[in-house]
Every structure is written in structure tokens, then in C-alpha cells.
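To start, the structure itself, in C-alpha cells.
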Amino acid sequence: MLSIDFIRENKQKVIETLKNKNRVADIDQILKVDDIRREFIQKTQKLREERNILAKQQYTEETKTRGREIKEELQKLELELESIEIELQTLISYVPNVPLDEVPIGKSEEDNVELRKCGEPKKFEFEPKNHIDLGLALDIFDLDRGSKVSGFRGYFLKNEGAMLQLSLMFYVLKKLVQKGYTPLIAPSIVKGFTLFGTGQFPWGEQEVYKLNDEDAYLAGTAEVPVTAYHSGEILTEKELPKKYVAFSPCFRKEAGSYGKDTKGLYRVHEFWKIEQVIIGKNDLMQAKELHEELQKNAEEILQDLGLPYRVLLMCTGDMGEPQMKKYDIETWMPARNGYGETMSNSIMGDFQARRLNIKYRTPEGKIEYCFTYNNTALASPRVLVAVLENYQQEDGSVIVPEVLRTLTGFEKIVAKK
């Protein structure tokens, strides 16, 4: 969430952000409501000052009557002020974060900027299969029975497919723990404030599964519970940045992707993720350094797996509401004859921290809002799609990436006889 002072001081920039991020909010109405709020604050302050003066005067029937009047006026003003505050915060909650100057302006994914490619897509001497045909022939997943018991986009991973998925997760978790990140297994059932706090609400509410309980939802990423881990807390600057790597099951309705990737494992409702989350101090220079650190971690994982990929700098219209800057990594998938999104990496600034009330105290005693960051270290079965298709052999078998073999216990997946 942006502060009202920032909106007031940067009105035109905020209006441009709304346009560039394809969002709607009434900035003039926000400023009008804030003006009213300020008037009410001044009125309450004057009444409190008068009350303090009365308290020092000799007690009389006149001061007693005026004291009662002030109390009643204050109660009324405070109730009205509370209502105004709620209205103002609701209006501000629809204002997205302002991108950094280096973010390209654009309306859709077509305006994203390719920064670099790593690895050459493999040239097969045979007609490569898609992951669906490979997986069914190798008996490592079952889509029909998955749909039967889970519904559309349901699936079972089985045999070597189950082992490969677990090995991918553990390999990435261990790698990042060795880099100094604190490991977490995060809850998938979260309260609404976590989704609002991370900026999933109000914009992405149609993507979220709501449970029958009054305040319970299924998170689509560990970013949600882990960023909220320190909600309502005041940390110390010396303990920042806090770096977490979290495993969690994830759930998304994919409501905005009707008709896209309806077959196979690329776009599913339920999947697993390893997420990197950092809570840092309010420092833009450090923010850019930590953002690049997260990016390096993610790219190293794909390099370890031997998967070709490209890095995109996301434009304003394709980067999401809470983000100041975002990279996407797309991994080569032979059956698509192109790259498919596998990772995203974002600087959120203090946008989420304001909504979640995450602060820190500087050595001088000043209280600041933290900066937050998140990066998809691994999302599977989507990465599993890339592994199967890139490592397939002419005989229909699939070679296991070398870094995973001690974890899987096998080097190759072959069809069952």
C-alpha cells in the first residue's frame, strides 16, 4: 500500500502508474477524503487541547458542563474519523505500487524486454514428444484418474515421476539453505489479511480458493504466509535482511486462463513450490542488490539442471500490482517450441510491509517500514515438464539430470515392460 503522503506528493506519477498497470482508482477522491480526515484530526486536537486547559482550571459547574460537552463531541468526532479512515484505506488499497524508472512501459507480455538467454535449445535428431505422451508412456503420471478424483486439471504423479518431483524440491531447498536461507514449511491455509497484505486481494481474489470457514483461504504461493510471518512486528535493523526459503503446496483457480494449456501438467490447480522471501530494510540500493541475488539463485538452479532459459524484464502492464520491478524466467520446452514461464522475481518495496505492518527500528531509534522481496525458486510440476521434454531420448526414455541422481536413486526413466 502506498502512503497517503506519497500519493499526495506524487499525484501525477500515481495516476500514470494506474494507466500503465491497467488499473482504476480515483486519486482525486482519495485526496478529497484525506482532506476531510485532516479537518477532523484538527478538530479533535483542538478539543483535546481545550480539555487539557479545562483540567488545569478550578472546578466549577461551568467547567463541568463544558467538560461533558467536549467528551460527547470527541466521541462523535472519533467515530466519524474512524469511518473516514476506513473509507480512505479502502480507496488506497486499490492503488498499485509505482514501478522503478527502469521498468519498461507496456500493456501486455508483448512489451516485456528480453535481457538474456542462457543455454542453447537442444536440437533433436528425432521428433520429440510432449510431456504428456512421455509421461503416459513411462507410466509416471495419470491424468485420467487425476481428473476422476480431483476434477479438471487434476493429476497423479506416480513411480519415478513422484520421486523426480520430490528430488527437485529437496535439491532446491537444500541448495538455498546452504546459501544461508532459513528453511520453512509454510501453511497453505491462510487468513484473509495475509492475502490482502501481500497484494493478492483485492485484485486477484478470483484466483483464490475460499474455504468454508469464515476466514480461511488456500494460498497460491508461500509468498503469502511467509511474508506475513512478521506481520505486526517491529524488527531491528541489525537482524535484516531476513532470508527465507519455503516449501508449500499451492492452489490457484486459474480463472483468468480459460482455454489455455488445458491438457497436461503445465497449468494446474494444485502444485508445489519452493519460494524465496526476503524481508529487508528500507533502502533502494540494497533492494536492487537483493533482487539480483534472488535472480542469481534462480538462474543457478536452472543451470544446475541443464535447462535452457531466458530472462525477461517485465513491463508495467504485465508485472502485477504490488511490484516495483519484476523479472520472469522462461524455460525452454521443446513441445511448445518456445519458452514457458517457470520463475518470477519481484521487488515490492514497502508496499506489502505497510499492508502487513512490518517495521524495523534503526540504530538511531527511528521506525521504518521494511522492504519485501519474493522469488520462485522452483514450481513443479511445471519444471518437471521442462525436465521431461529436454532430457527425452529417441527410445522414449528420459535421462535424469545429473544433480538429482543421488536423490532419485536412478539415472534414467524407461518404459515398464
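A short reminder: the numbers here are calculations on the coordinates, not readings from a lab. The shown structure was predicted, so the numbers you read here are calculated from the model rather than taken from an experiment. Using ideal geometry, Cβ is built from the backbone for each residue, glycine included, and neighbour counts are taken over all protein chains shown.
Note on the stretch 4-92: with charges restricted to the Cβ of Lys and Arg (+1) and Asp and Glu (-1), its dipole about the Cα centre is near 220 debye. Springs between Cα atoms under 10 Å define the GNM used for the chain, and in it the highest mean-square fluctuation of Leu77, Leu88, Leu138 occurs at Leu77. Please give the helix 284-305 orientation as an angle from the longest Cα principal axis of the chain, in degrees from 0 to 90, rounded to the nearest 10. In the chain, helix 284-305 runs at an angle near 20 degrees to the longest axis.
Here the chain is assigned +1 on the Cβ of each Lys and Arg and -1 on the Cβ of each Asp and Glu. Its dipole about the Cα centre then comes out at about 560 debye.
Spacing of the modelled spin labels on Cys118 and Thr406, each 7 Å from Cα toward Cβ, amounts to 2.2 nm. By the gyration tensor of its Cα atoms, with a ≥ b ≥ c the square roots of the eigenvalues, what is the shape of the stretch 4-92: rounded for a/c under 1.5, prolate for a/b over b/c, or oblate? Judged from the Cα gyration tensor, the stretch 4-92 comes out prolate (a/c at least 1.5, a/b above b/c). Modelled spin-label separation between Asp5 and Ser83, with each label point placed 7 Å from Cα along the Cα-to-Cβ direction: 2.9 nm. Over the chain, dividing the summed -39,500 (n - 2.57) contributions of all DSSP H runs of at least 4 residues by the number of residues returns a 222 nm mean residue ellipticity of -12500 deg cm²/dmol.
Put simply, the C-alpha atoms of the stretch 113-269 give a gyration tensor, and the ellipsoid matching it has half-axes of 32, 23, 16 Å, longest first. For the pair Gln178 and Glu300, the difference between a 0.36 nm per residue extended length and the Cα-Cα distance amounts to 42.6 nm. Against the chain, whose longest principal axis is taken from its Cα atoms, helix 61-92 shows a tilt of about 20°.
Toward the positive end of the charge dipole of the chain, with +1 on the Cβ of Lys and Arg and -1 on the Cβ of Asp and Glu, the farthest Cα among Gly409, Gly306, Gly365 is that of Gly409.
Count Lys and Arg as plus one, Asp and Glu as minus one, and take only other residues whose Cβ is under 9 Å from that of Ile70; the net charge is then +1.
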